[in-house]
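A short write-up of the structure that comes next.
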Amino acid sequence: MKNELVLVDTQIRPGVALLRLNRPKELNALNLQLMAELRDALAILDKDENVRAMVLTGNEKAFAAGADIHQMSGKGAIDMLLIDQFATWEQIRRLKKPLIAAVSGFVLGGGNELVMHCDLVVASETARFGQPEILLGIMPGAGGTQRLTRQIGKVNAMEMVLTGQPVSAKQALAWGLVNRVVPVEVYLDEALRLASEIALRAPLAVRLAKESVLKAQDSNLSEGLEFERKNFYMLFASADQKEGMDAFVNKRPPQFTGS
Ligand code: HXC
């Protein structure tokens with residue numbers, strides 16, 4: 001498939017790949033082709049050993065204004081079932097490398113749900129987050145009732161999902177939907193800076209730490225602790241554990257290789 005709705009740059013910073021949603025006229029509405037391109041690009045980068053962290057962005061006006069309403073408007077329930085779009089989202093959920101969202105402007109519906117598939121989120125001061133599906137006579141379908149509730153709590157999720165009204169970046173920060181809010185001129189730089197920082201860390205440790213944090217959203221405490229402990233032990237089989245601890249003991253910076 002020709003990549004045109006998602007632009008990929010692997011040269012932007014060492015160890016970092018940038019993916020840009022590229023349907024600006026439609027406010028980056030997430031149609032099926034865009035989501036397929038995004039899934040495929042992410043899958044390739046996830047396996048590329050030169051890439052250690054990925055940044056997903058849109059443009060200043062819109063990260064994404066949600067799933068493509070034109071594409072959905074004539075569909076019935078069985079059409080939607082057979083299209084099976086959530087298989088694509090499931091693959092994005094299972095990425096092993098850290099994915100950092102850099103968002104500005106409209107972050108709505110599926111756009112907000114896509115952000116919640118990311119591991120860290122940098123927002124511009126102009127970002128507006130919402131789940132407006134209720135205004136279309138539907139409801140969120142890609143985690144907007146489940147992930148959002150776990151992330152910002154029941155009453156805040158209820159407010160967003162039942163009123164459909166967007167919230168400001170400042171409010172999203174207070175609710176724990178984003179890591180930080182910065183001026184619009186620097187939101188992408190800040191996300192790339194974070195990605196570069198993570199790209200210097202031991203890749204196996206990053207991978208298992210990400211998996212472990214995600215497990216916390218998905219398990220009870222005992223299961224989560226057991227999962228964490230096994231991953232912790234496993235890292236003592238890595239060369240990077242020896243390197244990291246030797247570097248500390250000998251007061252030098254570590255050189256991690258991902259082995
Ligand atoms: C398709 C969209 C779109 C969308 C905007 N556009 N959002 N097309 N799907 N979700 C298109 C418009 O049709 C228009 O194209 C162009 O983008 C600019 O949009 P305007 O409405 O003219 O811009 P503006 O007046 O600035 O309003 C911006 C907006 C509004 C407030 C974001 O566009 C809006 O309310 N969009 C819908 C947001 C939404 O309901 N999202 C949830 C979708 S459901 P034309 O060619 O007409 O000029 C969803 C379910 C997810 O996400 C389920 C899981 C996958």
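Computed from the coordinates by the stated procedures, all read-outs in this text should not be read as laboratory data. Computed from a prediction, not measured in an experiment: that's the story for all the values here. FYI the Cβ positions are ideal-geometry reconstructions off the backbone, even for glycines, and counts take in every protein chain you see.
For the chain, DSSP calls about 25 percent of its internal beta bridges antiparallel.
Dipole check for the range 1-140: with +1 at the C-beta of Lys and Arg, -1 at the C-beta of Asp and Glu, and the Cα centre as origin, the magnitude is about 220 Debye. Spatially close Lys pairs in the range 38-146, defined by Cα atoms under 29 Å apart and a spacing of eight or more places or different chains, total 4. Among beta bridges identified by DSSP and lying wholly in the range 9-123, the antiparallel ones come to about 15 percent. In terms of packing, defined here as the mean over residues of other Cβ atoms within 10 angstrom, the peptides 100-110, 133-143 line up highest first as 100-110, 133-143.
Just to be sure I understand: of the beta bridges DSSP finds with both ends in the range 57-187, what percent are antiparallel, rounded to 5? The answer is about 20 percent antiparallel.
Packing order of peptides 227-233, 23-29, highest average first: 23-29, 227-233 (average count of other Cβ atoms within 10 Å over each peptide's residues). All other residues whose Cβ lies under 15 angstrom from that of Leu135 are scored, Lys and Arg at +1 and Asp and Glu at -1, for a net of -1. Electrostatic bookkeeping for Ser168 treats Lys and Arg as +1 and Asp and Glu as -1; over the other residues with beta carbon under 12 Å from its beta carbon, the sum is +1. For Lys154, the lysines whose Cα comes closer than 23 Å to its Cα, not counting residues fewer than 8 places off in the same chain, are Lys170, Lys215. Straight Cα distances below 17 angstrom link Lys251 to the aspartates and glutamates Asp240, Glu243, with same-chain residues fewer than 8 positions distant left out. The charge dipole of the chain, taken about its Cα centre with unit charges on the Cβ of Lys, Arg, Asp and Glu (plus for the first two, minus for the last two), comes to roughly 440 debye. The value of relative contact order for the chain, using C-alpha pairs under 8 Å at least six residues apart, is 16 percent.
For the chain, the longest principal axis of the C-alpha atoms and the axis of helix 239-249 are separated by about 60°.
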